[in-house]
Structures are given as C-alpha cells and as structure tokens.
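The values are calculated or read from the model by the stated rules, or taken from the named source; none is laboratory data. Owing to the predicted nature of the structure, the values given are computational and were not obtained by experimental measurement. Don't worry about glycine lacking a Cβ; one is built from the backbone with ideal geometry, like all the others, and counts go over all protein chains shown. Keep in mind that these areas ignore ligands, DNA and RNA; they rest on the heavy atoms of the full protein, side chains included. Shrake-Rupley method; radii C 1.70, N 1.55, O 1.52, S 1.80 Å.
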Amino acid sequence: MAMDLKVLTEAVGELDEDKVLEMLEDFVATNPTEEEAQKVVNACQQGMAVVGDLFDKGEYFVGDLIFAGELLSSAIEALKPVIGSGSTEKVGTIVLGTVEGDLHDIGKNIFRSMAEAAGFEVYDIGIDQSVSAFIDKIKEVKPQILGMSGVLTLAIDAMKNVVDGLQQEGLKNDLKIIIGGNPVTKEACEHVGADAFTTNAAEGVKICQGWMC
Ligand code: B12
C-alpha cells in the first residue's frame with residue numbers, strides 16, 4: 001500500500017484537514033482492497049485517540065473536538081466507495097444506536113456503513129437513545145442483532161440498562177448483543193451482559209457474520 005499510515009494518523013491528530021483529505025483521495029484512486037481500506041480507517045481512529053489525548057492535556061478544546069468530529073466524518077465519506085463491496089443479498093437485521101447520555105456517533109456510523117456493505121439491514125436509531133427507544137425498535141423490527149455504541153465511560157452503565165430492560169421484557173434471549181466504542185472491554189462486556197464487544201468496526205462485522213451462520 002502506497003499510503004503511509006503513520007503520516008495519516010499524525011495528520012488527523014494535527015487536525016490537518018487538507019492533508020488528510022488529499023491523502024485519502026489519492027488512496028481511493030489506487031483502487032485499494034477492503035482490507036487496505038480498513039487499515040486506513042484504523043489509522044484515522046488512532047488519530048482521533050491523539051486528539052482525545054491532547055484534549056485531556058488541555059492543549060485542545062471542545063471546539064477542536066467538534067472540528068475533529070467533522071474532519072473524521074468527511075474522511076469516512078471519502079472512503080465510502082472502498083469501505084465495503086456492497087453485498088446485495090440481505091444477511092440479517094441489526095438495530096443500532098448510541099446509548100443514553102452519549103452524543104458520539106462517528107464510530108457507530110462507520111460500523112453501520114461496514115455492516116450495510118456486508119449485506120445487513122441496519123436500523124440506526126441515532127444518538128442519546130433511551131432504554132425504551134431501543135426496546136420499541138426491537139419490538140418493531142425484530143432484529144437478530146442489537147448493536148450499541150458509546151465512547152463515554154458512562155455509556156457502559158447506559159448499555160447495561162438497555163440489556164436489563166430487554167431481560168425484563170423477555171426479549172434478550174432472542175437477540176445477540178454486541179457493544180462497541182472506545183471504553184468497551186471484556187469486563188465491561190460481562191458487566192453489561194452483552195455477547196460480544198469490539199473497538200474495531202470491521203471485527204464487529206465479522207462477529208455479526210459469524211452469528212448468522
Ligand atoms: C470527536 C469527539 C467528540 C465530538 C463527537 C462528534 C460526533 N459526531 O461523534 C464532540 C465534540 C460532540 C464530543 C463531545 C464531547 N466529548 Co468527545 N471525543 C471525541 C474524540 C476526539 C473522538 C471520538 C471518535 O469519533 N473516535 C473515532 C471513532 C472511529 O472511534 P470509536 O468511536 O471508538 O469507534 C470505532 C470502534 O469503537 C467501533 N465502534 C463504535 N461503535 C460501535 C458499535 C458497534 C455495535 C460496533 C460493533 C462497533 C463500534 O467502530 C469504530 C471504527 O472502528 C474522543 C477521543 C477518543 N479517544 O475517542 C473524545 C472523547 C470520547 N470525548 C470526551 C469528552 C469528555 C467529551 C465531552 C464531555 C466534552 C465536553 N466537555 O463537552 C462531550 C460529551 C458529549 C456527550 N454527552 O456525548 C472524552 C470522554 C471521557 C470519558 N472517559 O468519558 C474523550 C475520550 C476525550 C478525552 N480523552 O477526554 N466529542
């Protein structure tokens with residue numbers, strides 16, 4: 001691959017939008033494989049971690065986070081043509097959303113794009129969604145999979161509330177549940193009562209595909 005992933009991560013971390021978009025345009029023009037495109041998404045994700053660290057240290061401010069969010073959304077838009085092969089056969093249904101209290105949606109949107117490209121029908125209910133919003137959508141579309149996203153520490157408890165709600169409604173056993181986002185770990189997954197966790201959208205799609213076999 002011609003692209004230097006380290007340089008890309010740095011450019012995202014420095015919020016150098018022109019450089020990032022130019023690199024991605026050149027990359028897309030090389031007609032890359034899906035696997036190469038996923039590496040590029042990962043490099044962008046690492047750049048966002050750099051942004052988060054600089055915010056933590058007080059070098060970046062909320063305005064920079066907002067700009068970083070817009071930058072990454074444009075980056076993913078630029079990568080869309082090469083992110084997935086665009087399966088036409090429907091392989092399964094996913095209800096997806098960012099949990100209550102959390103407004104971050106870039107990672108969720110990346111997972112949605114990749115899952116759709118793999119042939120899943122995805123019902124994305126959006127950000128900051130309550131337990132009842134998840135339950136209502138699940139009752140309506142009866143998916144095989146529930147995907148919950150969150151990047152704030154508090155998202156873990158919000159995810160657990162959804163799973164507890166599903167349990168109370170007797171809906172949990174009909175579903176596979178996957179959680180994603182920066183703070184998810186094995187421990188968080190057990191605490192939440194989910195079936196799987198990941199901090200990588202491509203891996204998340206593979207897990208969902210495995211459940212459909
Ligand atoms: C951009 C950003 C914002 C933007 C979000 C824009 C948007 N549309 O999403 C804005 C400006 C809105 C924002 C606001 C805030 N933010 Co912010 N933000 C970030 C930042 C820099 C990047 C997040 C991101 O997009 N990452 C890139 C994506 C691609 O990664 P990802 O989400 O992990 O997703 C990947 C995987 O996890 C996976 N995935 C994600 N979801 C799912 C779901 C499923 C089902 C699957 C299978 C996979 C999957 O796929 C993705 C691709 O591989 C992070 C830093 C960081 N390290 O994450 C801070 C960060 C998350 N923010 C933080 C904070 C503190 C805030 C604010 C409180 C700031 C403030 N004072 O107002 C507010 C909170 C608002 C709220 N209530 O949610 C903290 C959180 C601290 C904590 N532990 O809770 C962080 C970690 C920064 C930091 N180090 O301090 N933020």
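Quick notes on this one:
- Extended-chain gain in nm, criterion 0.36 nm per residue less alpha-carbon gap, F55 and W211: 52.4 nm
- By definition, a body whose alpha carbon gyration tensor gives a ≥ b ≥ c is rounded when a/c is under 1.5, and region 92-212 falls into this rounded group.
- Sorting the segments 54-64, 169-179, 155-165 by their residues' average number of neighbouring beta-carbon atoms within 10 angstrom, most packed first, yields 155-165, 169-179, 54-64.
- Segment K6-V91, length gained on full extension (0.36 nm per residue, minus Cα span): 27.1 nm
- Pairs of Cα atoms nearer than 8 Å and 6+ residues apart set the relative contact order; for region 92-212 it is 28 percent.
- Filtered GluC sites (Glu not before Pro), region 73-148: DSSP coil and at most 12 other beta carbons within 10 Å: E89
- With all pairs of different C-alpha atoms in the average, the Kirkwood value for the hydrodynamic radius of the chain is 17.7 Å.
- Rounded FRET efficiency, nearest 0.05, which uses the C-beta distance separating Q167 from K142 and R0 of 22 Å: 0.85
- Based on C-alpha pairs under 8 angstrom that are at least 6 apart in sequence, the chain has a relative contact order of 17 percent.
- Taking a straight line from the alpha carbon of K176, these aspartates and glutamates sit under 19 Å away, with near neighbours fewer than eight places off in the same chain left out: E116, E121, D124, D136, E140, D157, D164, E187, E190, D195, E203.
- If R0 is 22 Å, the Cβ-Cβ spacing of I66 and E25 corresponds to a FRET efficiency of close to 0.40.
- For the set K80/K160; K90/K137; K39/K80; K108/K142; K39/K90; K19/K206, the pairs lying more than 24 angstrom apart at their alpha carbons are K80/K160; K39/K90; K19/K206.
- Per-residue ellipticity at 222 nm computed for the chain from its helices equals -18500 deg cm²/dmol, with DSSP H segments shorter than 4 residues left out and the rest contributing -39,500 (n - 2.57).
- Sequence of D195, D26 from largest to smallest accessible area, 1.4 Å probe: D26, D195
- What the Cα convex hull of region 118-181 gives, in volume per residue, is 85 Å³.
- Whole-Å distance, taken between Cα centres, linking region 169-213 and region 17-83: 25 Å
- With distances taken between every two different alpha-carbon atoms, region 5-83 has a Kirkwood hydrodynamic radius of 12.5 Å.
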